[in-house]
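Read the structure below first, then the notes.
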Amino acid sequence: MRRIDFDITTPSSSYSVLISERLEEFSDALLSFLRGRKALILCDPGSSTAGLETVQSILNSGCIEHAVHVLEGGEKAKSLASLESVLHALIEGRFSRNDLIINLGGGVVGDLGGFAAAIFMRGIGYINIPTTLLSMIDSSIGGKTGIDHFGIKNMLGAFHQPRLVVCAYDLIRSLPEREKLSGFGEVLKYYCLSASPSIGNAIEYRRIDPELIGECCAIKLHYVSEDIADHGKRRLLNLGHTFGHAFEASSGFLLSHGEAVALGLAAAARFGERIGVTDSGVADKIEELISLLGMSSDFSKYSASAFAFLHHDKKSDSGSIEMAFIKSFGQPLLRRVPIEQAVRFLSDLRK
Ligand SMILES: NC(=O)c1ccc[n+]([C@@H]2O[C@H](COP(=O)([O-])OP(=O)(O)OC[C@H]3O[C@@H](n4cnc5c(N)ncnc54)[C@H](O)[C@@H]3O)[C@@H](O)[C@H]2O)c1
């Protein structure tokens, strides 16, 4: 067994992120949190096929009372209606403040379940068992929870940290190829932030293994642990996301999150080169890496309707927006730019 453990301490909590090959290896860790509590397992059709039976057999082995709530698959589940359905399941199942939600799934299940945990009875605990590459390396850590609203990404939400995160590498074996690639959108972000040769190599060979997951988690924890409330350093993790979220929403969520982030990284690099914050040649290299992954870096077709979403971005304020860029690989920076300048960049692409 190769196992990587991280501990994350925030002003309000501390928790472990455990990474290994098989879910069964975390049986003791899970049961030690669940003894004396009830659990609501949240999942969707994809994640339940991957891991529900194993999670239930672990809980049964410890005589943990539990219920299962299955959400619809994909981004549309990050809605008020789904949130309501989860809250109803908690109320109807007579869950108490001492009980826990187990999010078995990708970023959608994790974001929604974490938000339900944040607001049910003013906050209960939750455990993340991520089942997609993207959720193992990114969304399951850091406590950003929420749902989309009015077609805008993550419009409603809360910071609420999980009690435990267990990443079992074998769960992603059943992941469809498109979802694996989507996870590589965030892997590419970590490469831009770190210039790590081993992450570069994983991108080149599309290699997914526990070491890649561990290295990406370590980078995320590096940015999150010192800035849990997203006031400074953590904002560098928004690299590729300002344009990415706008492309994702303007595609009507036909683009997956990771595909949109890959496009957003390409767009941020082109925009950065135009305004002189990014070294020339960086955008070409990012586009080359995206094409090595077999993904598209042509963001021009999404630019037409994307700019409306820039105004709704949480980093926008009084006509300007804070964006993350890289000067070169491994050298991220934040820069506030007029929204009009970003809009002009996108509209020029349409000519
Ligand atoms: N909170 C954060 O910090 C953070 C960070 C990054 C992304 N996100 C959010 O994460 C979401 C995207 O997450 P995602 O890419 O994991 O997508 P997802 O949760 O929608 O999962 C993608 C698809 O894969 C299926 N699936 C999941 N696990 C499976 C498995 N093991 N085998 C087979 N099918 C499986 C699901 O049913 C779904 O259809 C977006 O909403 C994004 O905003 C949040």
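Since every read-out is calculated from the coordinates, none of them should be taken as a lab result. Source: prediction; values computed, not measured. Backbone-built Cβ (ideal geometry, glycine too); neighbour counts: all protein chains shown.
Things worth noting here:
- Close amide H contacts of residue 154 (hydrogens built in the peptide plane, cut-off under 5 Å, sequence separation of 5 or more or a different chain): 148, 149.
- Using 0.36 nm per residue and subtracting the Cα-Cα separation, the extra length available between residue 320 and residue 159 on full extension is 55.5 nm.
- Cβ-based charge dipole, the range 263-311, positive-most Cα from 299, 266, 280: 299
- Difference of contour (0.36 nm per residue) and Cα-Cα distance, residue 229 to residue 327: 32.8 nm
- Computed from point charges on the beta carbon alone (+1 for Lys and Arg, -1 for Asp and Glu), the dipole magnitude for the chain about its Cα centre is near 680 Debye.
- Modelled FRET efficiency - R0 45 Å, residue 205 with residue 24, Cβ distances, 0.05 increments: 0.95
- In Hz, Karplus ³J(HN,Hα) per residue of the range 13-23 (6.51, -1.76, 1.60; θ = phi - 60°; x = Gly, Pro): 6, 9, 8, 10, 10, 10, 10, 7, 7, 10, 4
- Nitroxide proxy distance, nm - points 7 Å out along Cα→Cβ at residue 275 and residue 296: 2.6 nm
- Taking amide H as placed 1.01 Å from N in the peptide plane, the amide H of residue 240 sits under 5 Å from that of 324, each at least 5 places away or on another chain.
- Structure-based [θ]222 nm, the chain - -39500 (n - 2.57) summed over DSSP H runs of at least 4, per residue, nearest 500: -14000 deg cm²/dmol
- For the residue pairs 78/189; 38/78; 153/314; 233/314; 233/315; 189/285, the C-alpha atoms sit more than 18 angstrom apart in 78/189; 38/78.
- Global geometry of the range 167-261, whether rounded, prolate or oblate, following the gyration tensor of its Cα atoms and the 1.5 cut on a/c: oblate
- Working ranking of peptides 80-88, 166-174 by packing, defined as the average number of other Cβ atoms within 10 Å per residue, highest first, is 166-174, 80-88.
- Nearest-ten-degree value, helix 300-310 long axis tilted from longest Cα axis of the chain: 70 degrees
- Karplus 3J(HN,Hα) series, Hz, for the range 285-293 with 6.51 cos²θ - 1.76 cosθ + 1.60 (x for Gly, Pro): 5, 5, 5, 5, 5, 5, 6, 4, 6
- If R0 is 25 Å, the Cβ-Cβ spacing of residue 348 and residue 76 corresponds to a FRET efficiency of close to 0.20.
- Under the Karplus curve 6.51 cos²θ - 1.76 cosθ + 1.60, θ = phi - 60°, whole-Hz ³J(HN,Hα) for the range 124-136, x wherever Gly or Pro sits: 10, x, 8, 10, 9, 10, x, 10, 10, 4, 4, 6, 5
- Positive-pole candidate from 229, 254, 190, dipole of the range 177-348, charges at beta carbon: 229
- Summed residue charge, Cβ within 11 Å of residue 194's Cβ, Lys/Arg positive, Asp/Glu negative: +1
- Helix 80-92 and the longest principal axis of the Cα set of the chain meet at an angle near 10°.
- Here the gap between residue 14 and residue 221, fully extended at 0.36 nm per residue and compared with their Cα-Cα distance, gives a gain of 73.3 nm.
- Across all directions, the average projected area of the convex hull around the alpha carbons of the chain is 16.0 nm².
- For residue 21, the amide hydrogen comes within under 5 Å of the amide hydrogens of 2, 169, counting only partners 5 or more places away or on other chains and with H modelled in the peptide plane.
- Candidates 259, 21, 177: whichever shows maximal mean-square fluctuation once the chain is modelled as a Gaussian network with Cα springs under 10 Å: 177
- Tensor-based shape of the range 4-174 (alpha-carbon gyration tensor, a/c under 1.5 rounded, otherwise prolate or oblate): rounded
- For residue 180, the aspartates and glutamates whose Cα comes closer than 15 Å to its Cα, not counting residues fewer than 8 places off in the same chain, are 138, 170, 204, 209, 259.
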